[in-house]
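A.B. asks: Submitted below is the structure of interest, expressed as structure tokens.
The values are calculated or read from the model by the stated rules, or taken from the named source; none is laboratory data. Since the structure is predicted, the reported quantities are computational estimates derived from the model, not experimental observations. Every residue, glycine among them, receives a Cβ derived from its backbone with ideal geometry; neighbour counts consider all protein chains shown.
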Amino acid sequence: MELSVNGTSYSLDVEEDMPLLWALRDELGITGPKYGCGIAQCGACTVHIDGQAVRSCQMPVGDIGNAEITTIEGLGTPEAMHAVQQAWVDHQVAQCGYCQSGQIMQAAAFLETHPEPSDEDIDRAMSSNLCRCGTYPRIRAAVKTAAAKLQGA
Amino acid sequence: MGRTRTIARRSFLIGSAAVLGGVAFGTYLAVKPSENPLTESLAEGEAAFNPFVKITEQGITLIAPHADSGQGVHSMQTALIAEELDIALDQAEVSFGAPDPAYYNTAMANDAVPFAAFDEGLAARSMRVVASSAFKILGVQGTGGSSSTPDQYDKLRAAGAMARETLKAAAARRTGLPAEQLKTENGRVITPTGEAIPYTALAAEAAQIPPVTDTPLRDPAEWRLIGKPMQRTDIVAKSTGTLPYGIDISLPDMLHAAVRINPRQGGELLDFDAAKAEAMRGVKAVLPVTGGLAVVADNTWRAFKAAEALEVTWGPAPYPAEQAEHWEAVANSFTPERLNTTWRDDGDVDTAHQGEVITAEYRAPYVAHQPLEPLGAIIRADANGAEVWSGHQLPRFVQMQVAAKVGCEMEQVTFHNQFIGGSFGHRLEFDVITLAAEIAAQLPGVPIKLTFSREEDFAQDYPRQIGMARSTGSVKDGRVESWALDIATVSSSVSQMGRMGLSLSGPDAQIVAGAWNMPFALPHLRVRGYIVPELAPTSSWRSVGASTSGFFAEGFFDELIHAAGADPLEERLRLVTRPVHRQVLEAIGEMSNWGSDLGAGRGRGLAMFESFGVPVAEVVEVTDTPAGIRIDKVFVAADVGRVVDPVNFENLVQGGVIWGLGHAINSEITYADGKAEQSNYHMAEGMRLYQTPQIEVRGLENGSHVRGIGEPPVPPAAPALANAIFAATGTRLREMPFYKHINFV
């Protein structure tokens, strides 16, 4: 089957029901999306499919068709960061950092549809992503900073 | 400030009888300096000044031997060296280094002795020398116990200063100028005429001269980095998905493994049928491992699926099968036979308790670690030894454990430590390492990446100790008069050390950690520790013993103060004995505007507890809403002697509070049929963002020693919350998790 990830087309021979997460990580070597729980409880595996935040551990590759997949690697790079990534750096959000790829992908998709989020909007949108280190206060602040920056851009 | 030579004796050559009051305790072998691990691999033209700094023509490498499971230890170690070496944070390659006995952890040894962290008396200092010597013999290159900053604070700055001055001496020789006229900046020696010689160009010459060891450390007033907000060296990589964790490493021809181990931990595999699993796509082998089976496949998901498809019959657990039996064992341990020791006995509690007394029983359950990166390791083994890629807090023990499984010498095991996606104590354990080694040994030459599924990780986790406390106290004339605090827990120290082939000598100070040495002068105060017979295996969980004793002590102290009709802050201030703790209490009172009216349906609770030498006071404010308790705000004051990076400090404190509150509210591990009943985050999730209060943090610097902040914010969180809920609702919570007794928003 064919998958389009971060603008590149890949062909791979895997089961239709293999979760996208494991196709990305073990078949394509794209390791930004993380395995955390396997049951859509933690959000560490979050990617965008046609711009929507999706838990890749629950998304069978056979259901994706020719939709465009974006992972954290495709959102921005260390040299050219997305506004959300830059806000994450500015607020020094990460501790262990393992959940942050998913947090950032969740926040980036959320801000596309909620450019001027209220505090409650942020709490609602970001509460499905677990951070065991407890960086939540900084996540809140970084989402607000990113929203302001994207509005100004 | 001291000179490097003095500093060196005091820290990394600690054990010298001449320095610590002439007390040697037969530790001659232990005071021999470790061999420098860098010199062995040096090529011609390279100079190694000490085990922490390496400079070649190609560049500067810093060795930051402490593991980083998220606290920013890697970055902190870099900053300590860079402060004295005069380089920018991004100017050097930073490596975890190869495991080596030279990197033993002085600070962890200091905290391993049963004396209060503030006790600088002769007996305490003597014991620390012994403990530190033992650690050195073992070569414990350990990360844990919030010890990385205290361990490295002097050593790395001294190493940086020594390197800088030796480079200046080399430049002086080359230029003919006196070293006093040379300056250093951004990795270069600068002459009075402005000529800049890069350190890298001086490496070869610096190797030819004796190191300059007699260098004063800089006065804090001169610091460029320490004490100021820094950008963590790992922050860009962690914000762009480009930092590889152990789970992200890939090697040519690597295969992926999953395991299915008896969920009755330590029990046997009695029977199995692997036919179905073996026939599944991508499965290469099903292999026996300790306590169960491993599946080796060409993809992690295929390995997980095949492991689930194994048909297995498990033997019984070597501990009680049902949770009620565990509680019963704890409750039955308050006996003279199970008395571990009487840690404190001020005044005469028994006489004081002949009148009217207040009693209460507190409970703390088993709790899982469950960092978000599941346990994993990559191992390739062959006739020449083994190579290991994983993140671990005890690298030398990794080498030992792998060597034992593979059948080689530990020197034949190469360990590549990796960034860790959270630990909270989980990466002090070895199961994933030894299981991966068992698999790799059966498939020589093939790199095997073993990843625990989340369910396997829950099933095989060694949780926090289970325990109870029984308190009796009395009040008189509006004051707390007496308190007898008895704590019974299983010993996570005994359990954990047992798995490492070590035994605990003497009583387990963790059972009563922070409680026996509480800085309060009551007329009558007794603290006794009781050791519960081993039940389910347990391990160190962020803040270890203090995570339970803090709740037991500060919860009941609040009850006594309430019974006395006193104010929680005023009464603590009246009773506190140590100036540093008093200042923490005064700070929290000021920050939280203690005593002001919060309005109807609201309440605030206070707790102060010391762990790892750090007194932390927290005030939690809650509102009793129709839907349940909402945590509005938390104030935290903590004294670490010196705040190395205020931004990272605030982040770690907030995270510690969230860890403490979240688990106190909703997390426990319970056993049924010998198995942990919780299998994933939906059954033990900790705090989520919508529940997170505002958390205001103040770092104090009155303490005489620099301390770590990873764990100390945890213990006061649960009692401060319980005390706030009492203030708001009149309901006293004496058992975690709290959601069994009250609703939360």
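A.B. asks: Name the residues in region A:68-92 that are free of Cβ contacts under 8 Å to residues at least 60 places away in the same chain and either facing another protein chain (nearest Cβ under 7 Å) or not in a loop (DSSP other than H, G, I, E, B) (or both), would you?
C.D. replies: Answer for region A:68-92, where residues must be free of Cβ contacts under 8 Å to residues at least 60 places away in the same chain and either facing another protein chain (nearest Cβ under 7 Å) or not in a loop (DSSP other than H, G, I, E, B) (or both): A:Ile72, A:Leu75, A:Gly76, A:Thr77, A:Pro78, A:Met81, A:Gln85, A:Trp88, A:Val89, A:Asp90, A:Gln92.
A.B. asks: With a cut-off of at least 2 residues that are in contact with a Phe, Trp or Tyr (Cβ under 7 Å, 6 or more places away or on another chain), name the strands (runs of 3 or more DSSP E) lying wholly within region B:418-516.
C.D. replies: B:467-476, B:479-490
A.B. asks: Return the residues of region B:299-353 that are within 30 Å of A:Glu16 (Cβ to Cβ) and hydroxyl-bearing (Ser, Thr, Tyr); say none if nothing qualifies.
C.D. replies: B:Thr300
A.B. asks: Can A:Glu116 be described as more than 11 Å from chain B (Cβ to nearest Cβ), assigned to a loop (DSSP other than H, G, I, E, B) and in contact (Cβ under 8 Å) with a residue 12 or more places away in the chain? Give the derivation first.
C.D. replies: On the way: more than 11 Å from chain B (Cβ to nearest Cβ): yes; assigned to a loop (DSSP other than H, G, I, E, B): yes; in contact (Cβ under 8 Å) with a residue 12 or more places away in the chain: yes.
Here the answer is yes, as A:Glu116 does meet what is asked.
A.B. asks: When you scan region A:40-56, do you find a residue that is buried (at least 24 other Cβ atoms within 10 Å of the Cβ), facing chain B (nearest Cβ under 7 Å) and within 13 Å of the chain's Cα centre (by Cα), even just one?
C.D. replies: Yes, region A:40-56 has at least one match.
A.B. asks: Here's something else I'd like to know. If we scan region B:586-596, do we find a residue that is touching a residue at least 24 places away in the same chain (Cβ under 8 Å) and either closer than 19 Å to B:Gly703 by Cα or of a type in the set (Lys, Arg) (or both)?
C.D. replies: So in region B:586-596, the residues touching a residue at least 24 places away in the same chain (Cβ under 8 Å) come out as B:587-588, B:591-592, B:594-595.
Restricting the remaining residues to those that are either closer than 19 Å to B:Gly703 by Cα or of a type in the set (Lys, Arg) (or both) gives B:587-588.
Within region B:586-596, one or more residues are touching a residue at least 24 places away in the same chain (Cβ under 8 Å) and either closer than 19 Å to B:Gly703 by Cα or of a type in the set (Lys, Arg) (or both).
A.B. asks: Which ranges mark the strands (runs of 3 or more DSSP E) fully within region B:580-689 that have 2 or more residues being surrounded by 24 or more Cβ atoms within 10 Å (Cβ to Cβ) and modelled with pLDDT under 95?
C.D. replies: In region B:580-689, no matching strands (runs of 3 or more DSSP E) lie anywhere.
A.B. asks: Every residue in region A:94-123 that is over 22 Å from B:Gly660 (Cα atoms) and of a type in the set (D, E, K, R), please.
C.D. replies: Passing the criteria: A:Glu112, A:Glu116, A:Asp119, A:Glu120, A:Asp121.
A.B. asks: A further question on this structure: Taking B:Val367 and the conditions (1) touching a helix residue (DSSP H, G or I) at 6+ places or on another chain (Cβ under 9 Å); (2) of a type outside the set (Gly, Ala, Ser); (3) in contact (Cβ under 8 Å) with a residue 12 or more places away in the chain; (4) farther than 21 Å from B:Ala515 by Cα, which numbered condition does it fall short on, given that it satisfies the others?
C.D. replies: Going through the list (1) touching a helix residue (DSSP H, G or I) at 6+ places or on another chain (Cβ under 9 Å); (2) of a type outside the set (Gly, Ala, Ser); (3) in contact (Cβ under 8 Å) with a residue 12 or more places away in the chain; (4) farther than 21 Å from B:Ala515 by Cα, B:Val367 breaks only (4).
A.B. asks: In region A:127-136, how many residues are facing chain B (nearest Cβ under 7 Å), crowded, with 23+ Cβ neighbours inside 10 Å and free of Cβ contacts under 8 Å to residues at least 40 places away in the same chain?
C.D. replies: Matching residues across region A:127-136 total 4.
A.B. asks: Which is on the phi > 0 side of the Ramachandran plot, touching an Asp or Glu at 6+ places or on another chain (Cβ under 7 Å) and in contact (Cβ under 8 Å) with a residue 12 or more places away in the chain, of B:Gly674, B:Gly641, B:Gly686, B:Gly703?
C.D. replies: Testing whether each residue is on the phi > 0 side of the Ramachandran plot, touching an Asp or Glu at 6+ places or on another chain (Cβ under 7 Å) and in contact (Cβ under 8 Å) with a residue 12 or more places away in the chain leaves just B:Gly641.
A.B. asks: Quick test of your reading of the structure: B:Arg232 fulfils all but one of (1) facing another protein chain (nearest Cβ under 10 Å); (2) closer than 30 Å to B:Thr300 by Cα; (3) in contact (Cβ under 8 Å) with a residue 40 or more places away in the chain. Name the failing condition by number.
C.D. replies: Among (1) facing another protein chain (nearest Cβ under 10 Å); (2) closer than 30 Å to B:Thr300 by Cα; (3) in contact (Cβ under 8 Å) with a residue 40 or more places away in the chain, the lone unmet condition for B:Arg232 is (2).
A.B. asks: Next question. Give the residue, chosen from B:Ala307, B:Ala368, B:Ala285, B:Ala303, that is touching a His at 6+ places or on another chain (Cβ under 9 Å) and either assigned to a strand (DSSP E or B) or farther than 23 Å from B:Thr538 by Cβ (or both).
C.D. replies: B:Ala303
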